[in-house]
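Contents: one structure, followed by commentary.
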Amino acid sequence: MKLKTVLAASTAVMMAGPVLANPQAEVLHWWTSGGEARSVAVLQEQFAAEGGTWTDMPVAGGGGDAAMTALRARVLSGNAPTAVQLKGPAIQEWYEETGLADIGAVAEENGWADVLPAQIAEHMKCEGEWCAAPVNVHRVNWIWGNKQILDEHGIEMPTTWDEFNAAAAKLQEAGVTPLAHGGQAWQDATVFETVVLGIGGPEFFQQALVDLDPEALTSDTMKQVFDQMRTIRGYVDPNFSGRDWNLATAMVMNGEAAFQIMGDWAKGEFLAAGKEPGTDFVCAQTPGNGFLYNVDSFAFFNVEGDDKQQGQALLARLIMGEDFQKTFNLNKGSIPARTDVALDEFDSCAVASAEAMNAGAQDGSLLPSYAHGMALRGAPAGAITDVVTAHFNSDMSSDDAVQQLADAVANAM
Ligand code: GAL
């Protein structure tokens, strides 16, 4: 039994009314871009409004790689933060390594099981006990377009990769950068997984990037995926290397590029800048069908002291609160994890996301994002990303890429 801290006692005190303790939380997260910062501020404000003291520990770096390195350093020095933005199988990996606080009492008192889709709830559990609280559902497989550029060039949002290539070639010919991309490994991986889904379809995605089936990894379909990645490499500007994702979003916003392939946290950037979907920018699923989900969540390390434990219980309760889930997600670009939050105030992209998620849950095309740590544990995910990014940044052939992919995955298991 690794769930050392049971938060039931402190929750019971909190539920009973005013308390003397001062809930404390040191919160490690990577939400530092415009839209992200606006979103996490909602939680800070609600925490403070309930008497909590929030110590912010932001670690910049999209996708959270730097944050996860910082987390490891803190845990190794015996000083884990009270709350950590943690998601997917990394939650269970940390649970196995150090244990995590049991937030079951908060979950039960607030009926989480009744309002979360089963697939999401499953990610929040460690050996059957609640050990993380979900804030949202991001969809990864989105393509964003600058409306004015597309209209000027008579281009529709592409529904196949061939259409994308044709549109990109036309734009390039006209002197427009077709794709705003940030050359960081996780962004390469983000584009790659949408191509896997689009070219291979949902079943292939499952076989290749969830089940890690060697036949799928070395298949002709996977070769076509790498061919398409090579084609995409020809549509980015010369300064793409190392660029942050939100700067790539800004390029689309400012008319310096036509498209970006990125999860809907990019919409948080457009909205923070006062841009309107349908007027200033357009959203569409990346060519192909399916829904790659990326659920942000918080987990709580075992810490000493009533104040900190009350802080954890308070955070867990707030995160799953209806009001927080609405306001946070209106800013973040995602949709609520809770199924009972009305979407009337959400924009058309969010409504489309919710519809696609529900359809995906019915027809089996609701799939975990590998690039955002939902599908795989750290070692195989990292092995795949290394190959994807090495291929993107070299002239490696697709034949070599699939072989390296299969070898890297085999070594990581
Ligand atoms: C994702 C995360 C999002 C967003 C993005 C860019 O992995 O789930 O919430 O922050 O990284 O930082």
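Shape analysis of the chain places it in the prolate category; the axes a ≥ b ≥ c from the Cα gyration tensor give an a/c of at least 1.5, with a/b above b/c. When the convex hull of its Cα atoms is viewed from all sides, the stretch 146-288 shows a mean projected area of 8.2 nm².
Computed across the stretch 21-69, the Kirkwood radius stands at 11.4 Å (inverse of mean 1/r, all Cα pairs).
Expressed as a fraction of 2.2 N^0.38 Å, the value expected for a compact globular protein of N residues, the C-alpha radius of gyration of the stretch 340-413 is 1.55. Placing unit charges on each Cβ (+1 for Lys and Arg, -1 for Asp and Glu) gives the chain a dipole about its Cα centre, and among Phe270, Ala67, Gly104 the Cα reaching farthest toward its positive end belongs to Ala67. Name the lysines eligible as straight-distance cross-link partners of Lys87: C-alpha to C-alpha under 25 Å, and not fewer than 8 places from it in the same chain. Result set, ordered by chain and number: Lys2, Lys4, Lys125, Lys267, Lys308, Lys326, Lys332.
Normalised radius of gyration (Cα atoms, divided by 2.2 N^0.38 Å) for the stretch 119-200: 1.53.
Shape call for the stretch 285-413 from the C-alpha gyration tensor, a ≥ b ≥ c root eigenvalues: rounded (a/c under 1.5), prolate (a/b greater than b/c) or oblate? Here the stretch 285-413 falls in the oblate category.
Net charge of the neighbourhood of Asn289, taken over other residues with C-beta under 15 Å away and scored Lys/Arg +1, Asp/Glu -1, is -4. The convex hull around the C-alpha trace of the stretch 282-334, projected and averaged over every direction, spans 5.5 square nanometres.
A simple count of charges around Asn254, restricted to other residues whose Cβ falls under 12 Å of its Cβ and scoring Lys, Arg +1 and Asp, Glu -1, yields -2. Computed about the Cα centre, the dipole magnitude for the chain is approximately 660 debye when only Lys and Arg (+1) and Asp and Glu (-1) carry charge, each at its Cβ. What you get for the stretch 60-177, charging only the Cβ of Lys and Arg (+1) and of Asp and Glu (-1), is a dipole of about 400 debye around the Cα centre. Here the stretch 36-72 and the stretch 151-218 have alpha carbon centers that stand 31 Å from each other. Each Lys and Arg adds +1 at its Cβ and each Asp and Glu adds -1 at its Cβ; summed about the Cα centre, the stretch 340-413 shows a dipole of about 340 debye.
We did not get these values from a lab; they are worked out from the coordinates using the rules stated. Bear in mind that the values here come from a model prediction, so they are computed numbers and not experimental data. We place every Cβ from the backbone using ideal geometry, glycine too, and count neighbours over all the protein chains shown.
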